[in-house]
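Following: one structure in C-alpha cells, then a few remarks.
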Amino acid sequence: MKNAKINVSKFNFYYGDSRVLKDITIDIPENRVTGIIGPSGCGKSTFLRSLNRMNDVILGSRAEGSVMLDGRDIYGRDVDVAGLRRKVGMVFQKSNPFPKSVFENVAYGLRIDGIKDKYFIEERVERSLRDAALWSEVKDRLRDNAFELSGGQQQRLCIARALAIEPEILLMDEPASALDPTATLKIEELIQELKKKYTIIIVTHNMQQAARVSDLTAFFMLGELVEYDITSIIFTKPSKKLTEDYITGRFG
Amino acid sequence: MARHAHKEKLIHGLFLLNGLLVVFLLAGIFAVLVKTSIPAFREIPLGQFLFSSVWNPTATFTKPSYGILAMLVSTFMVSVGALAIAIPIGVGAAAYLSDVANRHVREIAKPIVEILAGIPSVVIGFLGIVLVGPMIARIFGLPNGLNALNGAILLAVMALPTIVSLSEDALKSVPRSFQEASLALGATHWQTLVKVKIPAALSGIIAACMLGMGRAVGETMTVLMATGCSIKMPASFLDSVQTMTATIAIELGEVPYNTTHYYALFGIGLVLFIITFFVNMASDIILHKYQRVMK
C-alpha cells in the first residue's frame with residue numbers, strides 16, 4: 001500500500017500458551033481513520049495495544065512477526081519503548097484522567113519529557129485542549145480536579161492529554177463506548193478533525209460508528225483478520241460471507 | 001421461623017455489646033486519667049506543668065517542680081526522628097514491593113515485614129543497648145550511645161512494618177488505569193511511580209506514617225532502655241533523654257500513693273492519651289478522605 005504508516009506482517013501474539021492474534025498482515029495508511037471491528041474477544045483490543053507495546057506489561061505475553069512503523073520494527077531489539085509510545089498515543093475505553101487538575105493532566109506528558117518552560121507548556125496545553133474541542137468548556141476550570149468534569153469531557157481531556165505530546169498516530173480503544181449519544185457524536189466529529197493531522201486507528205464495538213468515522217475497516221474474528229477494505233465496500237459488498245454475516249447482525 | 005428470629009436478635013445483641021464494650025473501655029480509660037490527674041492540677045499550675053522543663057517531684061530542700069516540657073520535647077524528638085528515618089525507607093520498601101518485586105519475592109517479603117511488627121519491644125531495646133548504642137558511641141566519639149538518636153533508630157525499626165505494609169496497600173489500590181495512562185504517554189516505570197502512583201496513594205501513605213507515629217509516641221520499653229533516662233532539655237539528638245512514657249514507667253512503681261507526684265504521672269498519661277488520640281484521629285480522617293477520592 002502506498003503511504004502506509006504501519007506495516008504489520010505475520011504478526012502473532014500470545015498470552016501464555018493461547019495465541020490471540022494469528023498471522024495478522026495489514027497496512028495502515030497515513031492520515032486516515034482505520035476502524036477495527038469484530039465480536040468481543042476477537043483480539044481487536046490486543047491488536048491495538050500491540051501497536052504501542054502496551055501489552056508488554058502483561059506477564060507471560062509474547063509477540064512474533066513484525067510491526068513496522070515508518071519502516072522500523074517496533075519490536076526490534078533496541079527500540080526505546082517510551083519513545084515509541086510518545087509517537088503512538090493512546091486513548092482508552094474508559095476515560096482515565098489522573099487525579100490532578102485539568103491543566104496538569106494535559107501537561108503531564110510534557111513534564112515527564114523534562115520540559116520546564118512555563119509559557120511553552122501553557123501554550124501547548126491550550127492548543128491540545130482546543131484540538132480536542134474541550135477548550136471552551138474548561139478554559140475557566142483549568143485548576144479544577146479532572147474528576148469534576150463530565151464523562152464525555154473526561155474522555156476528551158484524555159484525548160487532549162494524548163495530543164499534547166504531538167504523537168503521529170492515535171490509537172483509540174472504544175473511546176465512546178461508555179458515553180451517551182451526544183458525547184459520542186462530539187468524539188466522532190473530533191475524530192474527523194483529528195485525521196487531518198494524525199493517523200488514527202479506532203477499535204469499536206459499534207458498527208454504525210465504524211461506518212461513520214472510518215475510511216478503512218478491518219474485520220477481526222477469533223484472532224484472525226478476516227477482511228480489510230475501504231469502509232463503504234466492507235459495509236455494502238464484503239467479499240467474505242463471514243464479514244457479511246457479522247455486519248448484518250447475524251452474530252456478534 | 002421464630003427460633004431463627006431469636007437467634008438473629010441474639011447475635012445482633014452480642015455484636016452490639018462487643019462494639020459498645022470497646023467504646024466504653026476507651027471512655028473509661030479517658031475518665032480514669034482525667035479523674036486521677038485532676039488533683040495534680042490543684043497543686044501544680046498548668047503553665048508550670050506544660051512549659052517548665054524542670055521535673056523534680058522529690059526535691060526535699062527546694063519546692064518540688066513538675067514541668068514536663070523536657071519530656072514532651074524528648075518524646076517529640078524521638079518520634080519525629082524515628083519518622084524521618086522510617087518514612088523514606090518504609091515508602092521505598094513499599095514501592096519496591098508493589099512495583100518492582102516479582103510475585104514470589106513479594107509473597108515472601110511481605111509476611112517477613114509483618115513479622116517484624118511482632119518482635120517484643122524489650123528485645124528491640126536490648127539490641128539498642130548492645131548493638132546500636134555502641135555503634136553510635138563509636139561513630140560520634142561519645143562515652144555511651146544511649147541517646148535520642150538511638151531511640152529514634154529503634155522506633156524507626158518498630159514503625160517500619162506498619163508503614164511498609166499500609167503504604168504498599170495504598171500503592172496497590174491505585175487504579176491500574178492511571179498506570180496505563182502514564183505509560184501510554186511515554187513515561188517510564190520510575191516516572192509513573194513517582195509522578196502518578198505515589199501522589200495518588202499519598203493520603204494512604206500519610207495515614208500509614210501517622211499510624212507509625214502513633215506507635216512511636218506510645219512506645220515505652222525500647223526508649224526506656226535505649227535513650228539514657230535523663231530528664232533535661234535535650235540540645236541535640238546525641239543527648240540522653242527520657243520520654244513521657246519512660247517517666248511514667250520508671251516512677252509509677254515507686255511513687256507514694258495519692259501524692260501530687262502520683263497524680264502528676266497520671267497527668268503525663270493524659271497528655272500522651274490526647275496526643276495519640278489526635279494522631280490516630282488525623283490518620284483516620286486522611287484515610288477516609290483518600291478512600292472517597294479513589295472511588
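The values are calculated or read from the model by the stated rules, or taken from the named source; none is laboratory data. Everything numeric here is computed off the predicted structure, so don't read it as measured data. Counting neighbours? That spans all protein chains shown, and the Cβs are built from the backbone with ideal geometry, glycine included. When the accessible area is computed, the model is the full protein with side chains, heavy atoms only, and any ligands, DNA or RNA have been set aside. Shrake-Rupley method; radii C 1.70, N 1.55, O 1.52, S 1.80 Å.
Quick notes on this one:
- Global geometry of region A:84-147, whether rounded, prolate or oblate, following the gyration tensor of its Cα atoms and the 1.5 cut on a/c: rounded
- Across region B:70-243, the convex hull enclosing all Cα atoms gives 119 Å³ per residue.
- Between helix B:260-294 and chain B there is an angle of about 10 degrees, using the helix long axis and the longest principal axis of the Cα atoms.
- Antiparallel DSSP beta bridges within the protein assembly as shown, percent to nearest 5: 60
- Solvent accessible area, Å² - B:ILE139, 1.4 Å probe, full protein context: 130
- The packing ranking of peptides B:127-135, A:157-165, A:16-24, highest mean first, is A:157-165, B:127-135, A:16-24, where packing means the average number of other beta carbon atoms within 10 angstrom of each residue.
- Solvent-accessible surface ranking, highest first, for B:THR260, A:THR236, B:THR188 at 1.4 angstrom: A:THR236, B:THR188, B:THR260
- Relative contact order, whole percent, for region B:94-220 stands at 29, derived from Cα pairs under 8 Å and 6 or more residues apart.
- Multiplying the residue separation of B:VAL80 and B:ASN18 by 0.36 nm and subtracting their alpha-carbon distance yields 18.8 nm.
- Mean ellipticity per residue at 222 nm, deg cm²/dmol - from DSSP H runs of n ≥ 4 across chain A, formula -39500 (n - 2.57): -10000 deg cm²/dmol
- B:PHE126 - accessible surface, heavy atoms, 1.4 Å probe, Å² rounded to 10: 110
- Taking every C-alpha pair closer than 8 Å and separated by at least 6 residues, the mean separation divided by the residue count of region A:157-247 gives a relative contact order of 21 percent.
- Mean Cβ neighbour count within 10 Å, used as a protection proxy, ranking A:187-196, B:75-84, B:234-243 highest first: B:75-84, B:234-243, A:187-196
- Of the residues B:PHE273, B:PHE51, B:PHE61, the one that moves most in a GNM of chain B with alpha-carbon contacts below 10 Å is B:PHE61.
- Mean per-residue shielding of peptide A:106-112 is 4, counting Cβ atoms of other chains within 10 Å of each Cβ.
- With a 10 Å cut-off around each Cβ of B:176-182, the average count of Cβ atoms from other chains is 6.
- DSSP-loop chymotrypsin sites (Phe, Trp or Tyr not before Pro) across region A:174-252, with at most 14 other Cβ within 10 angstrom: A:PHE251
- Buried accessible area, chains B and A (both chains, 1.4 Å probe, Å² to nearest 100): 1700
- Hz values of 3J(HN,Hα) by residue in region B:170-185 - Karplus curve (6.51, -1.76, 1.60), Gly and Pro given as x: 5, 5, 5, 7, 5, x, 4, 5, 5, 5, 5, 4, 5, 5, 5, 8
- Shape category assigned to region B:69-119 from the gyration tensor of Cα positions, a/c cut at 1.5: oblate
- Region B:210-260: GluC sites (Glu not before Pro) falling in loop per DSSP and having at most 13 other Cβ within 10 Å: B:GLU254
- Proximal lysines relative to B:LYS289, as straight alpha-carbon distance under 19 Å, when same-chain residues fewer than 8 apart are discounted: A:LYS100, B:LYS172, B:LYS197
- Cross-link reach list, lysines versus A:LYS22, counting only Cα pairs under 20 Å and skipping chain neighbours closer than eight places: A:LYS10, A:LYS44, A:LYS240, A:LYS241
- Karplus (6.51, -1.76, 1.60) ³J(HN,Hα), θ = phi - 60°, over region A:123-140, in Hz, Gly and Pro reported as x: 5, 5, 4, 4, 5, 5, 5, 5, 4, 8, 6, 10, 3, 4, 7, 10, 4, 9
- Scattering curve values for the protein assembly as shown, log₁₀ I(q)/I(0), Debye with Cα scatterers, q = 0.09, 0.12 Å⁻¹: -0.82, -1.09
- Percentage relative contact order, region B:118-164, counting C-alpha pairs under 8 Å, at least six apart: 33
- Residue with peak Gaussian network fluctuation, chain A [Cα springs, cutoff 10 Å], from A:PRO99, A:PRO238, A:PRO29: A:PRO99
- Listed by chain and number, the aspartates and glutamates placed with their C-alpha closer than 16 angstrom to that of B:LYS35 are B:GLU43; residues fewer than eight positions away on the same chain are left out.
- Taken residue by residue and averaged, Cβ atoms of other chains lying within 10 Å of the Cβ of A:91-102 number 4.
- Taking the helices alone, chain B has a mean residue ellipticity at 222 nm of -23000 deg cm²/dmol, built from -39,500 (n - 2.57) per DSSP H run of at least 4 residues and averaged over all its residues.
- Measuring how big chain B is from its alpha-carbon positions, Rg and Dmax come out at 23.1, 78 Å.
- Label-point separation, B:ILE11 to A:ARG19 (7 Å along Cα→Cβ), nm: 5.3
- Summary of the geometry: region A:5-49 and region B:12-41, compared by the centres of their Cα atoms, lie 65 Å apart.
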